[in-house]
Amino acid sequence: MKWPSDRIALSAPKSFGMYEKSVRLYPQCASMIHLEVGRPDFDTPAHIKQATKDALDAGRVHYGEFAGETDLREVIAQRMNQVNQIPVTAQEVLVTNGLTHASFAVMLAAIDPGDEVILLEPYYPQVINKIQLAGGVVVTVPLNAAGGFSIDVQALEAAITPRTRMICLVNPNNPTGRVYSRAELEGLARVAIQHDLLVCSDEVYERIVFDGAQHISIASLPGMAERTFSLFAFTKAYAMDGWRMGWVVAAPRFMPALMKITMNDVSHVNTFIQAGGVAALMGDQAPVQAMVDEDRRRRDMVCQQLNAMPGVRCTVPTSTIYAWADIRGTGHTSQALADLLLERVQVVVESGAFYGPAGEGYIRICFGGESYERLHEAMQRMATVIT
Ligand SMILES: Cc1ncc(COP(=O)(O)O)c(C=O)c1O
């Protein structure tokens, strides 16, 4: 008997990064400060919880619709049209168990064995396994580091072969914190249209933008809605990471495949939490703004402290909950510095190389998962190591 299958074995993750290492090396360390995990530390807004409790009490505890409850899909479609300028109806919305489930369904639906899928590097590593499980081949194209990790359209075009099937985009970007400009997205769109490629656009951070930065959904550009899977989640903006709820919108031709996959793996998303999803999108948005304001306050302090450390340069990100700090001036490699911070002061940051070789020379620090005070403490500890 052959087990596990070659495909599963091949795609087994090499590492879960610094989180795994920190808990393995220091299992009981109460003073450890985790800045490597991208988890909001806020509570889910009360009106979202209340709507979910009400749905439970009202008996919404049975099987629901495979694609997601109609009321939620309609609200999502409305939001997609009005805010993101993506022209869809509720029939082109699939409610998923977070963005993770959405991207897995997309890869299985769109990728045939041997198809090449382009990731812009530094990339969000969790997508790699999904591509490989679908039988796809990962091809990486570095972002333009000198241009603040902007999209290098020429490099992108040079990577295209007859087997290229899809380009993956994370916008706003994790780990760099960049919000791609219209010009960059138009460049990518031109390449996708010219070579008849699909685009998988992860927009989980769309709501966490600062300083007037404008997030644009690539599916809103001419000719793109028909070839783009647009992926969203309640996870970050509404502090609902444990709820596991998101959605994907795609052109009608993709819906049967997406439905077939999701019906077979999860049937559908938990019925009563979808009432919380409606409340999140339709209800008071002030809590979202309050969280974003606090993230901005934390960001400012963290970036200012990082820039005061010798050899560290950190461009202030206009989105996400991550500071992407250039540490080349410290003389350490990314992993060596992450290890040193863990060993010496129990501050856990992610090595930039975790996001692909193009991330070497950087570390990623999450400023959205700890209080201002704990973040300040972490920065002070880091400053005793980076001298
Ligand atoms: C870029 C990106 N995509 C997807 C996810 C996962 O989202 P979800 O928890 O909704 O599956 C994350 C979480 O950190 C992320 O940073």
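Laboratory data are not the source of any read-out in this text; all were calculated from the coordinates shown. Since the model is a prediction, treat every value here as computed from it, not as a measurement. Glycine gets a Cβ as well: all are built from the backbone with ideal geometry, and neighbour counts include every protein chain shown.
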Worksheet entry | Pairs beyond 27 Å (Cα-Cα), from Lys130/Lys260; Lys49/Lys130; Lys49/Lys236; Lys53/Lys260; Lys130/Lys236 | Lys49/Lys130; Lys53/Lys260
Worksheet item: Hey, got the dipole for the stretch 52-282? About the Cα centre, +1 on K and R Cβ, -1 on D and E Cβ, debye to the nearest 20?
Response: 100
Discussion item. Just want the ordering: Arg39, Arg299, from fewest to most Cβ atoms lying within 10 Å of their own Cβ.
Written reply: Arg39, Arg299
Discussion item. Under 5 Å between amide hydrogens, which residues at least 5 positions from Glu121 or on another chain qualify, with H placed 1.01 Å from N in the peptide plane?
Written reply: Val141, Leu143
Item to complete: Specify whether the C-alpha gyration tensor of the stretch 26-121 places it in the rounded, prolate or oblate class, a ≥ b ≥ c being the square roots of the eigenvalues: rounded for a/c under 1.5, otherwise prolate if a/b is larger than b/c and oblate if not.
Response: oblate
Discussion item. Given axes a ≥ b ≥ c from the Cα gyration tensor, I'd like to know whether the stretch 78-126 is rounded (a/c under 1.5), prolate (a/b larger than b/c) or oblate.
Written reply: prolate
Worksheet item: Around Asn174, what is the net charge, scoring Lys/Arg as +1 and Asp/Glu as -1 over all other residues with Cβ under 9 Å from its Cβ?
Response: 0
Practice prompt. Sort Met32, Met18 so the one with the fewest other Cβ atoms within 10 Å of its own Cβ comes first.
Written response: Met32, Met18
Discussion item. Show me the helices of the chain, taken as full DSSP H stretches, that run 24 Å or more along their long axis by Cα and average -1.0 or above in Kyte-Doolittle hydropathy.
Written reply: 286-307
Fill in: Cβ-placed point charges (K, R +1; D, E -1), dipole of the stretch 306-375 about Cα centre in debye, nearest 20
140
Response to the item:
Rounded to the nearest 5, the percent of antiparallel DSSP beta bridges in the chain equals 50
Item to complete: From the P(r) of the chain, can you give the percent of Cα pairs sitting at distances over 34 Å?
Response: 28
Worksheet item: Where the only charges are on Cβ atoms (+1 Lys, Arg; -1 Asp, Glu), what is the dipole of the chain about its Cα centre, to the nearest 20 debye?
Response: 460
